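Let me begin by presenting the structure, written as structure tokens, before commenting on it.
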Amino acid sequence: MADVRTLVDSRLRETLGEPGARASVTFLGTERIEVLRFVDADAGTVRYATLGMSSAPMADPAEMLADPERGPRAELLLTVRAGIADTDKVLRPLAVLAASPQVEGVVVAPGASLDTGEPLWPGAPFTSVLVAEPGGLVADLALGASPGGAGGAPPEPVRFLPLLPMTPTEAAWKRVHGADALQERWLRHGTDLRDPARGPVPLGD
């Protein structure tokens, strides 16, 4: 699956520029996960992208036998404003989330909540993220042929899924009302979802 990793690496660099830093994490029984750090000085933001999550397709844990080549593939993206918090400590939590399909059999898709069980970085008011729709920042990466060279339909494209940090109260509200309702509330209140120090959106109005 090294070819998929190489293609994803190229797509990220073509879209976001050269990464300023890379961190590598290996979990027992999983492929190596990297997290790349991209600084956008003009926008005043820093972006973190996983690399390696898409090396294997995600499989529904209810399936008795997973197809080694067919299934959704994804990488994770997180964008925050630079210089406000020590967000570089998010590298390991992001790697843990990216490894969850291999470790726990999780299929990560838009609308899902991913819980890290701890602050995303020291002092962060967020312990979970909402998976948003792909395509806004990094375009889907088509895989024109099976990575293993087998015939048949091509594998699904790699999708780059933005992550939106949620406070514990927002995560609890989302579990009751759904992802669309939470995102509508964020939009209505003009919530800056890239602010690493923001408070929870008002939930009682």
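Does segment 165-177 include one or more residues that are touching a His at 6+ places or on another chain (Cβ under 9 Å) and not small (Gly, Ala, Ser)?
No, every residue in segment 165-177 fails to be touching a His at 6+ places or on another chain (Cβ under 9 Å) and not small (Gly, Ala, Ser).
Condition test on ARG70, is it open to solvent by 40 Å² or more (accessible area, probe 1.4 Å), modelled with pLDDT of 95 or more and more than 18 Å from LEU164 (Cβ to Cβ)? Walk me through how you get there before you give the answer.
Numbers: open to solvent by 40 Å² or more (accessible area, probe 1.4 Å): yes; modelled with pLDDT of 95 or more: no; more than 18 Å from LEU164 (Cβ to Cβ): yes.
Here the answer is no, as ARG70 does not meet what is asked.
What do you reckon, is PRO110 within 24 Å of GLU31 (Cβ to Cβ) and either in contact with a helix residue (DSSP H, G or I) (Cβ under 7 Å, 6 or more places away or on another chain) or open to solvent by less than 30 Å² (accessible area, probe 1.4 Å) (or both)? Steps first, please.
Details: within 24 Å of GLU31 (Cβ to Cβ): yes; either in contact with a helix residue (DSSP H, G or I) (Cβ under 7 Å, 6 or more places away or on another chain) or open to solvent by less than 30 Å² (accessible area, probe 1.4 Å) (or both): no.
No: the conditions fail for PRO110.
Within segment 135-149, does at least one residue satisfy the condition of being closer than 22 Å to ALA181 by Cα and buried (at least 16 other Cβ atoms within 10 Å of the Cβ)? Before you say what the answer is, go through the steps one by one.
Of all residues in segment 135-149, those closer than 22 Å to ALA181 by Cα come to 135-136.
The next check asks that each one be buried (at least 16 other Cβ atoms within 10 Å of the Cβ); those that pass are none.
Scanning segment 135-149 turns up no residue that is closer than 22 Å to ALA181 by Cα and buried (at least 16 other Cβ atoms within 10 Å of the Cβ).
Before we move on, is VAL103 in contact (Cβ under 8 Å) with a residue 60 or more places away in the chain, more than 24 Å from ARG11 (Cβ to Cβ), open to solvent by 20 Å² or more (accessible area, probe 1.4 Å) and assigned to a helix (DSSP H, G or I)? Write out each step before concluding.
Values: in contact (Cβ under 8 Å) with a residue 60 or more places away in the chain: yes; more than 24 Å from ARG11 (Cβ to Cβ): yes; open to solvent by 20 Å² or more (accessible area, probe 1.4 Å): yes; assigned to a helix (DSSP H, G or I): yes.
Spelling it out, VAL103 is indeed in contact (Cβ under 8 Å) with a residue 60 or more places away in the chain, more than 24 Å from ARG11 (Cβ to Cβ), open to solvent by 20 Å² or more (accessible area, probe 1.4 Å) and assigned to a helix (DSSP H, G or I).
Within segment 78-89, take every residue that is open to solvent by 10 Å² or more (accessible area, probe 1.4 Å) and assigned to a strand (DSSP E or B) and give me the one that is farthest from ALA109 (Cα to Cα).
Per the stated criteria, the residue is ARG81.
Can you find a residue that is hydrophobic (A, V, I, L, M, F, W, C), at pLDDT 95 or above, under 13 Å from the mean Cα position of the chain (by Cα) and assigned to a strand (DSSP E or B) anywhere in segment 130-153?
Yes, the conditions are met somewhere in segment 130-153.
Do you know which residues across segment 182-197 are farther than 14 Å from ALA132 by Cβ and part of a helix (DSSP H, G or I)? Please lay out each step first, then the result.
From segment 182-197, those farther than 14 Å from ALA132 by Cβ are 185, 188-190, 192, 195-197; that's our starting set.
Passing the criteria: ARG185, ARG188.
The values are calculated or read from the model by the stated rules, or taken from the named source; none is laboratory data. Just so it is clear, the model here is predicted, and its values are computed rather than measured. Here Cβ is always computed from backbone atoms with ideal geometry, including for glycine, and neighbour counts include all displayed protein chains. Remember, those area values only see protein heavy atoms, side chains included, never the ligands or the DNA or RNA. Shrake-Rupley method; radii C 1.70, N 1.55, O 1.52, S 1.80 Å.
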